[in-house]
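Data first, discussion second: the structure below is written as C-alpha coordinates.
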Amino acid sequence: MDQELVARMEKSLMDLKMEIIANLVSSNKDFKEIVEGMDPKDLADIASDDIDRKTIEALSSQDLKRLKLIDSALTRIQQGKYGLCVKCGKRIPQERLEAIPYALMCIECKTAEERRNR
(Lines give C-alpha, C1' and ligand atoms only; values in the text may rest on other atoms or scores of the structure.)
Protein backbone atom coordinates (compact mmCIF):
# COMPACT_ATOMS: atom_id res chain seq x y z
CA MET A 1 0.00 0.00 0.00
CA ASP A 2 1.12 3.54 -0.78
CA GLN A 3 3.14 4.80 2.21
CA GLU A 4 1.91 8.36 1.70
CA LEU A 5 -1.69 7.17 2.00
CA VAL A 6 -0.86 5.11 5.10
CA ALA A 7 0.83 8.13 6.72
CA ARG A 8 -2.17 10.32 5.89
CA MET A 9 -4.57 7.74 7.29
CA GLU A 10 -2.47 7.32 10.45
CA LYS A 11 -2.64 11.07 11.04
CA SER A 12 -6.38 11.03 10.37
CA LEU A 13 -6.85 8.18 12.87
CA MET A 14 -4.82 9.99 15.54
CA ASP A 15 -6.83 13.18 14.91
CA LEU A 16 -10.10 11.25 15.31
CA LYS A 17 -8.83 9.69 18.53
CA MET A 18 -7.78 13.05 19.95
CA GLU A 19 -11.16 14.55 18.95
CA ILE A 20 -13.05 11.85 20.86
CA ILE A 21 -10.83 12.33 23.90
CA ALA A 22 -11.12 16.14 23.72
CA ASN A 23 -14.93 15.88 23.55
CA LEU A 24 -14.87 13.58 26.55
CA VAL A 25 -12.62 15.94 28.51
CA SER A 26 -14.90 18.89 27.80
CA SER A 27 -18.07 17.03 28.76
CA ASN A 28 -17.01 14.88 31.71
CA LYS A 29 -15.68 16.21 35.02
CA ASP A 30 -14.26 12.88 36.25
CA PHE A 31 -12.40 12.31 33.02
CA LYS A 32 -11.12 15.89 33.02
CA GLU A 33 -9.54 15.21 36.43
CA ILE A 34 -7.83 12.09 35.04
CA VAL A 35 -6.20 13.88 32.12
CA GLU A 36 -5.33 17.19 33.79
CA GLY A 37 -1.60 17.46 34.15
CA MET A 38 -0.91 14.65 31.68
CA ASP A 39 1.63 15.13 28.93
CA PRO A 40 -0.28 15.80 25.68
CA LYS A 41 1.60 12.90 24.05
CA ASP A 42 0.09 10.58 26.67
CA LEU A 43 -3.47 11.56 25.71
CA ALA A 44 -3.20 9.48 22.57
CA ASP A 45 -2.50 6.42 24.73
CA ILE A 46 -5.50 6.91 27.02
CA ALA A 47 -7.75 4.63 24.98
CA SER A 48 -5.35 1.69 25.03
CA ASP A 49 -6.14 -1.65 26.69
CA ASP A 50 -5.17 -0.38 30.15
CA ILE A 51 -7.79 2.38 29.98
CA ASP A 52 -9.03 3.60 33.35
CA ARG A 53 -12.43 2.30 34.49
CA LYS A 54 -13.77 5.84 34.84
CA THR A 55 -12.83 6.54 31.25
CA ILE A 56 -14.81 3.53 30.02
CA GLU A 57 -17.81 4.58 32.11
CA ALA A 58 -17.60 8.13 30.75
CA LEU A 59 -17.43 7.12 27.11
CA SER A 60 -20.59 6.54 25.20
CA SER A 61 -20.78 3.06 23.72
CA GLN A 62 -20.45 4.55 20.23
CA ASP A 63 -17.29 6.50 21.16
CA LEU A 64 -15.82 3.44 22.88
CA LYS A 65 -16.48 1.34 19.76
CA ARG A 66 -14.87 4.01 17.55
CA LEU A 67 -11.81 4.21 19.83
CA LYS A 68 -11.38 0.44 19.67
CA LEU A 69 -11.69 0.49 15.88
CA ILE A 70 -9.18 3.35 15.68
CA ASP A 71 -6.72 1.51 17.94
CA SER A 72 -7.19 -1.62 15.82
CA ALA A 73 -6.46 0.35 12.64
CA LEU A 74 -3.34 1.89 14.20
CA THR A 75 -2.17 -1.62 15.16
CA ARG A 76 -2.77 -2.84 11.60
CA ILE A 77 -0.66 0.07 10.33
CA GLN A 78 2.20 -1.03 12.61
CA GLN A 79 1.82 -4.62 11.39
CA GLY A 80 1.74 -3.61 7.74
CA LYS A 81 -1.82 -4.94 7.33
CA TYR A 82 -3.68 -1.65 7.11
CA GLY A 83 -6.06 -1.38 4.17
CA LEU A 84 -6.62 -5.13 3.86
CA CYS A 85 -10.06 -6.60 4.54
CA VAL A 86 -10.00 -8.73 7.69
CA LYS A 87 -12.50 -11.17 6.10
CA CYS A 88 -11.27 -11.77 2.56
CA GLY A 89 -7.81 -10.15 2.59
CA LYS A 90 -8.50 -7.96 -0.45
CA ARG A 91 -7.48 -4.31 -0.52
CA ILE A 92 -10.03 -1.90 0.87
CA PRO A 93 -10.59 0.86 -1.72
CA GLN A 94 -8.79 4.12 -0.95
CA GLU A 95 -12.08 6.04 -1.14
CA ARG A 96 -13.53 3.86 1.63
CA LEU A 97 -10.46 4.34 3.83
CA GLU A 98 -10.58 8.08 3.32
CA ALA A 99 -14.26 8.10 4.34
CA ILE A 100 -13.82 5.61 7.22
CA PRO A 101 -10.11 5.39 8.12
CA TYR A 102 -10.80 2.60 10.65
CA ALA A 103 -12.73 0.40 8.19
CA LEU A 104 -12.09 -3.30 8.84
CA MET A 105 -13.69 -4.75 5.73
CA CYS A 106 -14.08 -4.10 2.04
CA ILE A 107 -17.51 -2.95 0.90
CA GLU A 108 -18.55 -6.43 -0.27
CA CYS A 109 -17.73 -8.14 3.04
CA LYS A 110 -19.27 -5.32 5.11
CA THR A 111 -22.46 -5.44 3.03
CA ALA A 112 -22.66 -9.22 3.45
CA GLU A 113 -22.14 -8.91 7.21
CA GLU A 114 -24.87 -6.29 7.50
CA ARG A 115 -27.29 -8.52 5.57
CA ARG A 116 -26.57 -11.43 7.93
CA ASN A 117 -27.17 -9.20 10.99
CA ARG A 118 -30.63 -8.00 9.87
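Condition check for Ala47 on (1) in a helix (DSSP H, G or I); (2) surrounded by 17 or more Cβ atoms within 10 Å (Cβ to Cβ); (3) modelled with pLDDT under 65: one failure, at (1). Only a single criterion out of (1) within 17 Å of Thr75 (Cα to Cα); (2) aliphatic (A, V, I, L, M); (3) modelled with pLDDT under 90 is not satisfied by Val25, namely (1).
Apart from one condition, Val86 fits all of (1) in contact with a Leu (Cβ under 7 Å, 6 or more places away or on another chain); (2) closer than 18 Å to Ser12 by Cβ; the exception is (2). Taken over segment 76-87, the criterion of being more than 13 Å from the chain's Cα centre (by Cα) and either of a type in the set (Phe, Trp, Tyr) or surrounded by fewer than 13 Cβ atoms within 10 Å (Cβ to Cβ) (or both) is satisfied by Gln78, Gln79, Gly80. Within segment 60-73, residues that are in a helix (DSSP H, G or I) sit with their Cβ atoms under 7 Å from residues that are small (Gly, Ala, Ser), at 6+ positions apart or across chains, in these pairs: Leu67/Ala47; Asp71/Ala47; Asp71/Ser48.
Within segment 90-118, being more than 17 Å from Ala7 (Cα to Cα) and either under 19 Å from the mean Cα position of the chain (by Cα) or buried (at least 17 other Cβ atoms within 10 Å of the Cβ) (or both) holds for Leu104, Met105, Cys106, Ile107, Cys109, Lys110.
The values are calculated or read from the model by the stated rules, or taken from the named source; none is laboratory data. In this text the structure is predicted, and so the values were computed from the model without any measurement. Don't worry about glycine lacking a Cβ; one is built from the backbone with ideal geometry, like all the others, and counts go over all protein chains shown.
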